[in-house]
Structures are given as C-alpha cells and as structure tokens.
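The values are calculated or read from the model by the stated rules, or taken from the named source; none is laboratory data. In this text, all values refer to a predicted model and were calculated from it rather than measured experimentally. Don't worry about glycine lacking a Cβ; one is built from the backbone with ideal geometry, like all the others, and counts go over all protein chains shown.
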Amino acid sequence: MSAGRESVMWILGISTGFAHDPSATLLQDGRVVMAVEEERLDRVKYGKGFPHRAIARCLEHAGIAWSDVSAVGLNFQPWKMYATDLALNLGELVRPGALKYAAFNACWAAYPFLSTLREVEKIKRVTSGTARIRFIDHHLCHAASSFLVSPFDEAAILTMDNRGERVSSTWGVGRGATIQRLGEVRFPHSLGLLYLSVTLYLGFRFGDEYQVMGLAAYGEPAFSDVFADLIRTDDAGGFTLNRSYFTYLGAEGFFSDKWRRAFGPRRMPGEPITKRHQDIACSLQRRLEEVVLHMAQRLHAATGARNLCLAGGVAFNSVMNGVLLKRSPFERVFVQPAAGDAGTSLGAALVMHDRQGGRPRTWRMTHALLGPAFSEEQIEEALTASKLSYERCPDIATRVAELLAQGRIVGWVQGPMEWGPRALGARSILADPRQPHMKDLLNACVKHRESFRPFAPAVVEERAAEYFDCPHPSPFMLFVHSVRVEKRHEIPAVTHVDGTARVQTVRRQEQPLFWQVIKAFEAITGVPVVLNTSFNVDGEPIVCSPLDAIRCFFGSGIDDLAIGPFLVSKRQPAPWSSPEPVSAQDVATR
C-alpha cells in the first residue's frame, strides 16, 4: 500500500457491461468517492465492454493506485450466465424457426464469460494478487445498490430487469445490512425483455423504452386483453410470459405469427406513429403497472414492511413508480438514480465492503452528484482553446434565471456530474416552463427528437406540493406525479398530455447553486419551477467535460452556456413560430 493509506479500505465495484452500461464505483471506508458510467467518458451511449476509463478516473480522483485497492466486486457470475444461456439455447433447438438463433447465441454466450475472466487476470497482475476479487450475483448487486444506500433500516426489495445470470426479477427484504431473497422469476420470463421487445416492435431502438412510456399517455388500453394473455401473474407473487407469442424467447425481437396477428405489422424506424402504436404502448404500460402492483402487494403481505426499494432497469419506469407510491400498500418507495445495470457497480462495491468486514451502512444516498468535476482553470482553458468569447459572472445563478425568463435556452454545467441517466442540475439544459411552445422548440431545435416526448420540471422542494401531487421528495426524477389542475396553465411546457410530470425536487442543502437558479427565476416570474432536461442531443450520452459541453452547445439550438462561473452566448435567436399544441391526433398523423 501507499504510505499513509494502511488504515483506509478502498473497494472498487465494476459493472462489466458486456451486455451494456459498464461503470465503476469506488468506496473509501464504505462511502462513495466516485461513481461514473463509461459512456460519459468514451462518448458511446449504452456502450459495452469493460469500464477501463471509468476505473482509471475513479483511481485518479482518489489519488490512489491499483495496489491500494483492497477488494474488487464484479456485477455478475459469468459461469452461471454461460450455463443458463447454454441450457436455454439448447432447449430452443426444438422450437420451429429457432435453430439458427439458438445455435448462434449458444456460441455467443461464451464471449462475456471469457472476456470477463481475461480482465480479472489483468486485475490480478496489476494488484500483484493482493486485492480480493469476487463475482457477485447480478440481482444481489441490484438489491444492494438500492437498499444499502436508502434512508430505510428495513424495507422490502424488488428487482426487475431484462435478466441476470438465471433470473429476471427477485423479491426479498433488507434489514440493517442484510438482504434476504424470498422469491424470483427465472429468465426468459422477464418484464424487461417484454418491454424491450415491444419497444423494438414499435420501431424504436435499444434503450428507448422511456419513449414508449411517454407515448403511452397518448393511447388507450385497446390491447389489454392481449397483454393479459401474454403475461400472467401467479399466486407466488411472480409472473410468466406466454411463449406462444415468440418464436425464440432468449432475446428480444423474435415474434411469432400469433404476436403479429394480435398487434399487426411491425413499425419500421421513421414510419408515422399511428393510433394503433399509441394503443399498444398504452396497453403495455398498463399491464406492466398491474403486474408490478401485484408483485408489490404480495411482497408487502409476506414482509409487512412499510418501505419498498426498487432496482433494475424496469425501475426507470417513472410512471410505474408513481403508481406504486400511490396504489401499493407501501408508505415510501426508494429508487437510486442509476437503477439499471450501471448501478450494479455500486451494489457490487457495497456487497464487498460488507464481506470485507467494513462498518455496515456508513453512507446514505441523498444526491446523485458522484461523477467527475472540473476546476475553473480547466473550464477556462477549454473555452480559450475553443477560441470563444465569454464573460465571468459574479452571480451566475441570477444571470441564468434572467436569461430563462427572457425565453432563452441555457446549457448548465456545474460541479460533479450526475450518476445515472437523468440530468439533475449538474449537466442540464434549462428553459422556461411557462412558454407553451417550449416543448416543441426543444424537441425540434435542441434535442432533435420526436415531438411527443415530454420534459421534466425541477422545483424547489419546499414548494413542490403546491404544484404537484408529490407526497415525498423526489430528488432523482424517478416518479411521475399529477400536476395540480390549477397550476397546469402556469407550467404547460412540463405538463404531459395526461396532466402529469416527472418531478425533480431540489433541496438547498444538496444543490445550492441549482436551487438558487430556481429561486431567482421565481423572484422574476413568480414560478418556482424550471424545465430541466439532459444536456445532450438524441443518440449521445449526457455531456461530461467542458469540451463535451462546448461541442453540444454549438451543435444544437441552445442559446447560452453557463459553465462554472462563465457564460458563453450565441446571438439573439430569431423569433420562433410556435406550432399548435401537440395532441394525440397530431402524433398519430405524423
């Protein structure tokens, strides 16, 4: 170990990401020092592979070397996954039309297994064999990533994703630092797999499930009977998929004639979105909510817990989360901001901390600002190297609030970046929520994405209840709540077509500068809410570095860039002609 480091326990958690979303988390004596996704550094959204850059950034930030690391936790057990894949694909060989897919996938399943073992051998070499390295069950990593950083000493735990080694969903209970699994659903029966399959069938891409969630608000549950037959709940609190709808259920996108007869022809990317597509999305979303509510009710009956922790990619469904908060027997629901596979590096690190004999539950997650930060000198160097004119503002928060009130769109880069896929006031694009045309302007000229997609409000925590049916703080923007009827006319740009919004509450103690922006905007306009969306364009990761922000700023319709104390402005934009408000029929005919 390095001099003076003998009493410090450094633990590294790794999401290997051979499926997607590699990341790294570094703990110092059980507290998160840094957590960062690889995509923020290599600029490949939903990338795959081993998080070399993320690991290096964590070690550099802490000022330590590999030799200082006491233990390494990896987010899955590759031999179990390989055995499951092999058995599944051999079983599919007897199904009509599945031979070529099963044979290919049986061979491909060896890749993550062998690649992970290769990377572990490298770690052993650079640590000279001193670091304890363990592969940890994937859904245990999910469960730990939520419960062990939650505000609860006891809680029920529900994990749901596409798949782990052998299972796609688990439920259990956490007490103190102990997690007990009570039940599971075996892959290929999977809520994540079903939602992704429908996402692809509707012409969207991998990772676009949130688009289907947004589209669902425009539709009606016309296909509810089909989805009730497609996914069935059981008395144990689980579910099964009806395999007759699939020709091959080991991966998404292999649809049977029965599926096509039920849902009609597949939409190709770029084709118009019709009422049928809206209704499929709505029916899927409603069935997901019904199934997960059933699981939550059975879990509550089994545990008697007052609180619920969610994890896994399905926990990003903020509409479902809002339904659980309102309709399940649980009083509180917690979801950490990187609920998907990236967050399993956090879970793996926490499990290893416990196994190394560290003090239990020494850190609770109250904010998501766990990524890289950049000094004023680094920011100014990037601005100068880009040959930009800029000004240093003595009060950047008030200056940005003034620009927002003038209708300008501002890129906002301050402090450490967020952990997870939501921009929460560190790498954000901000705008005036009072302007009815702002949603369409942002979608068309800034984000370059579909017109039906909504934007989120950021509200100071102490005023949230005045604008939203929001019974608890929501700092990670992972719950959808109703906008109060009397306030919808004040904030039309962040009110979705169904009268809801994905709310972020901002606490002064956690994000003082972002809180000041909203309070200054309130002082000017009377509205304590700003529109907050991620600082990126469609298809790219959220910006991380000053150069990332500068490139995105000049590649989009953002008017001003507030980065650290510096402000860069484009010329005054020409007046933008607002289209008519977007309705469900508008979306259907586009």
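Please name all residue pairs, on different chains or six or more residues apart, with Cβ atoms under 9 Å, provided the first residue is in the stretch 426-437 and is surrounded by fewer than 24 Cβ atoms within 10 Å (Cβ to Cβ) and the second residue is at pLDDT below 95 and in a loop (DSSP other than H, G, I, E, B).
Qualifying pairs under 9 Å: 435/578; 436/578; 436/581; 437/576; 437/577; 437/578; 437/579; 437/581.
A quick yes/no check of all residues on (1) surrounded by fewer than 16 Cβ atoms within 10 Å (Cβ to Cβ); (2) assigned by TED's automatic domain parsing to the domain that holds residue 136; (3) without any contact (Cβ under 8 Å) to a residue 12 or more places away in the chain:
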| position | (1), (2), (3) |
| --- | --- |
| 349 | no, yes, no |
| 393 | yes, no, no |
| 401 | no, no, no |
| 415 | no, no, no |
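For the stretch 215-233, which positions are closer than 29 Å to residue 298 by Cβ and either assigned to a helix (DSSP H, G or I) or modelled with pLDDT under 95 (or both)?
216, 224, 225, 226, 227, 228, 229, 230
Taking helices (runs of 4 or more DSSP H) that fall entirely within the stretch 388-483, which contain at least 2 residues that are in contact with a helix residue (DSSP H, G or I) (Cβ under 8 Å, 6 or more places away or on another chain) and of a type in the set (A, V, I, L, M, F, W, C)?
Qualifying helices (runs of 4 or more DSSP H): 396-405.
Quick grid of which residues meet (1) surrounded by 20 or more Cβ atoms within 10 Å (Cβ to Cβ); (2) closer than 27 Å to residue 244 by Cβ; (3) in contact with a strand residue (DSSP E or B) (Cβ under 7 Å, 6 or more places away or on another chain):
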| residue | (1), (2), (3) |
| --- | --- |
| 138 | yes, no, no |
| 173 | yes, no, yes |
| 176 | no, no, no |
| 197 | yes, yes, no |
| 212 | yes, yes, no |
| 216 | yes, yes, no |
| 221 | no, yes, no |
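List, please: which pairs have Cβ atoms under 7 Å, are six or more places apart or on different chains, and start with a residue in the stretch 543-560 that is in the same structural domain as residue 422 (by TED's automatic domain parsing) and closer than 18 Å to residue 380 by Cβ and end with one that is aromatic (Phe, Trp, Tyr) and surrounded by fewer than 23 Cβ atoms within 10 Å (Cβ to Cβ)?
Close Cβ pairs (under 7 Å, with a partner that is aromatic (Phe, Trp, Tyr) and surrounded by fewer than 23 Cβ atoms within 10 Å (Cβ to Cβ)) amount to 545/374; 546/374.
Please work out if residue 201 is over 21 Å from residue 339 (Cα atoms), of a type in the set (Ser, Thr, Tyr) and in contact with a strand residue (DSSP E or B) (Cβ under 8 Å, 6 or more places away or on another chain).
yes
What residue, of 384, 366, is surrounded by fewer than 15 Cβ atoms within 10 Å (Cβ to Cβ), of a type in the set (Ser, Thr, Tyr), in a loop (DSSP other than H, G, I, E, B) and at pLDDT 95 or above?
Of 384, 366, the one residue that is surrounded by fewer than 15 Cβ atoms within 10 Å (Cβ to Cβ), of a type in the set (Ser, Thr, Tyr), in a loop (DSSP other than H, G, I, E, B) and at pLDDT 95 or above is 366.
Given the conditions (1) surrounded by fewer than 23 Cβ atoms within 10 Å (Cβ to Cβ); (2) within 23 Å of the chain's Cα centre (by Cα); (3) closer than 30 Å to residue 354 by Cβ, and given that residue 180 satisfies all but one, which numbered condition is not satisfied?
(2)
Could you give every pair whose Cβ atoms fall below 9 Å, whose first residue belongs to the stretch 183-198 and is free of Cβ contacts under 8 Å to residues at least 24 places away in the same chain, and whose second residue is charged (D, E, K, R) and surrounded by fewer than 23 Cβ atoms within 10 Å (Cβ to Cβ), counting only separations of at least 6 or pairs across chains?
What qualifies is 186/166.
Would a scan of the stretch 396-411 turn up a residue that is within 30 Å of residue 285 (Cα to Cα) and in contact with an Asp or Glu (Cβ under 6 Å, 6 or more places away or on another chain)?
Among the residues of the stretch 396-411, not one is within 30 Å of residue 285 (Cα to Cα) and in contact with an Asp or Glu (Cβ under 6 Å, 6 or more places away or on another chain), which makes the answer no.
Going by the conditions given, is residue 399 more than 21 Å from residue 568 (Cβ to Cβ), of a type outside the set (Gly, Ala, Ser) and out of contact with any Phe, Trp or Tyr (no Cβ under 7 Å at 6 or more places or on another chain)?
Against the criterion (more than 21 Å from residue 568 (Cβ to Cβ), of a type outside the set (Gly, Ala, Ser) and out of contact with any Phe, Trp or Tyr (no Cβ under 7 Å at 6 or more places or on another chain)), residue 399 does not qualify.
Considering each residue of the stretch 42-70, count those that are in a helix (DSSP H, G or I) and either buried (at least 24 other Cβ atoms within 10 Å of the Cβ) or under 17 Å from the mean Cα position of the chain (by Cα) (or both), and give that number.
Number of matching residues: 3.
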